[in-house]
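A short worksheet on the structure shown next.
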Amino acid sequence: MQMDGTFNPKGAADAPFYLAQGDECDVFAAAAACRLPVLLKGPTGCGKTRFVAHMAARLGRPLYTVACHDDLSAADLIGRYLLKGGETVWIDGPLTRAVREGAICYLDEVVEARKDVTVVLHPLTDDRRILPVDRTGEELEAHPDFLLVASYNPGYQNILKTLKPSTRQRFVSLEFSFPRPEHEIPVVARESGLAEDRVQPLVRLAGKLRAMKGQDLEEGVSTRLVVYAATLIAGGMPVERAIRAAMIEPLTDDADVKAGLRDLVTAVFG
């Protein structure tokens with residue numbers, strides 16, 4: 001493990017594939033070296049989770065990933081007493097384990113969690129770097145290598161589910177978007193096994209679908225879905241059927257909108 005935030009050569013070799021779009025890897029490594037929490041902002045399926053896994057491996061740090069949801073409470077992160085073998089024992093949650101071990105704790109779509117989660121995070125995101133565990137009476141000082149990372153999709157959240165400015169300003173922030181075609185084509189080709197010349201029209205179609213966000217579509221098509229379509233095609237499925245299954249049906253249930261999207265596919269692919 002590199003205590004100064006530099007990359008671990010073995011970890012870099014074993015890291016999940018991620019193609020950098022800019023200087024995000026350097027900024028993340030610098031924040032880790034300075035023990036600063038990191039907030040990733042960007043649309044669903046643009047690579048935020050892959051990026052964190054990639055950086056955890058490159059930095060040589062364990063990673064705890066928590067998919068946040070409406071019922072996720074502070075107790076789910078910190079821990080709770082459970083019956084085990086006829087005894088009541090304390091079981092650390094993922095956040096507590098990361099704080100003790102010096103791991104990265106990644107809270108994916110943090111705004112989906114209950115409000116008490118944010119309260120727990122505040123003392124970990126300032127110079128105190130502590131985690132009060134009320135149930136056990138402990139006040140844990142975070143391991144020097146502990147790093148808190150959270151993500152959310154600003155374009156998707158409604159006014160009732162957003163991060164308050166007082167919370168956002170506790171993090172170093174990185175903004176993600178869908179890759180430019182010259183980056184997305186090799187990513188999709190590598191992940192799916194489909195040749196780049198066959199991936200190119202899929203990425204062109206994805207760009208046109210993303211341009212429809214806020215009009216006929218609530219969300220644009222993710223890179224993940226483009227990879228799914230390419231994977232189906234690489235496996236032998238006809239192009240039109242793969243696109244319908246992976247890039248049209250997941251986006252909308254409206255029959256008229258789906259018909260319009262199929263017309264768009266015809267225009268792109270002929």
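The values are calculated or read from the model by the stated rules, or taken from the named source; none is laboratory data. Quick caveat: nothing in here was measured; it's all calculated off a predicted structure. Using ideal geometry, Cβ is built from the backbone for each residue, glycine included, and neighbour counts are taken over all protein chains shown. For accessibility, only protein heavy atoms count, side chains too; no ligands or nucleic acids. Shrake-Rupley method; radii C 1.70, N 1.55, O 1.52, S 1.80 Å.
Counting only DSSP beta bridges whose two residues both lie in the chain, roughly 35 percent are antiparallel.
Once the Cα atoms are used to define both axes, helix 181-192 deviates from the longest principal axis of the chain by about 80 degrees.
In degrees between 0 and 90, to the nearest 10, how far off the longest principal axis of the chain does helix 223-234 point, with axes built from Cα atoms? The answer is roughly 50 degrees. Ligands, DNA and RNA left out, the 1.4 Å accessible surface of the chain is 51% carbon and sulfur atoms. With respect to the chain, whose longest principal axis is taken over its alpha-carbon atoms, helix 48-59 is tilted by about 50°. Comparing mean-square fluctuations of ARG170, ARG135, ARG114 from a GNM of the chain with C-alpha springs under 10 Å, the top value falls on ARG135. With R₀ fixed at 41 Å, the C-beta to C-beta distance from TRP90 to ASP253 puts the FRET efficiency at about 0.35.
In this Cβ point-charge picture (+1 for Lys and Arg, -1 for Asp and Glu), the chain has a dipole of about 180 debye about its Cα centre. Pairs from the table (LYS41/LYS208; LYS115/LYS258; LYS164/LYS213) lying more than 32 angstrom apart at Cα are LYS115/LYS258.
Here r is the Cβ-Cβ distance between ALA234 and ALA67 and R0 is 35 Å; the resulting FRET efficiency, rounded to 0.05, is 0.80.
Relative to the current alpha-carbon distance between LEU19 and LYS164, full extension at 0.36 nm per residue lengthens the span by 49.1 nm. Surface analysis of the chain yields an accessible area of 50 Å² per residue, using protein heavy atoms and a 1.4 Å probe.
Taking amide H atoms as placed 1.01 Å from N in the peptide plane, the amide H of SER173 lies under 5 Å from those of LEU39, each 5 or more residues away in sequence or on another chain. Compute the distance from the alpha-carbon center of the range 50-89 to that of the range 183-197, in whole Å. For the range 50-89 versus the range 183-197, the Cα centre distance is 33 Å.
With every protein chain in place and a 1.4 angstrom probe, the accessible-area ranking of THR88, THR125, THR44, largest first, reads THR88, THR44, THR125. A protection proxy built from the mean count of other Cβ atoms within 10 Å ranks the segments 14-23, 214-223, 184-193, most packed first, as 184-193, 214-223, 14-23. With K and R counted +1 and D and E -1, the other residues having a Cβ less than 12 Å from that of ALA75 yield a net charge of -2.
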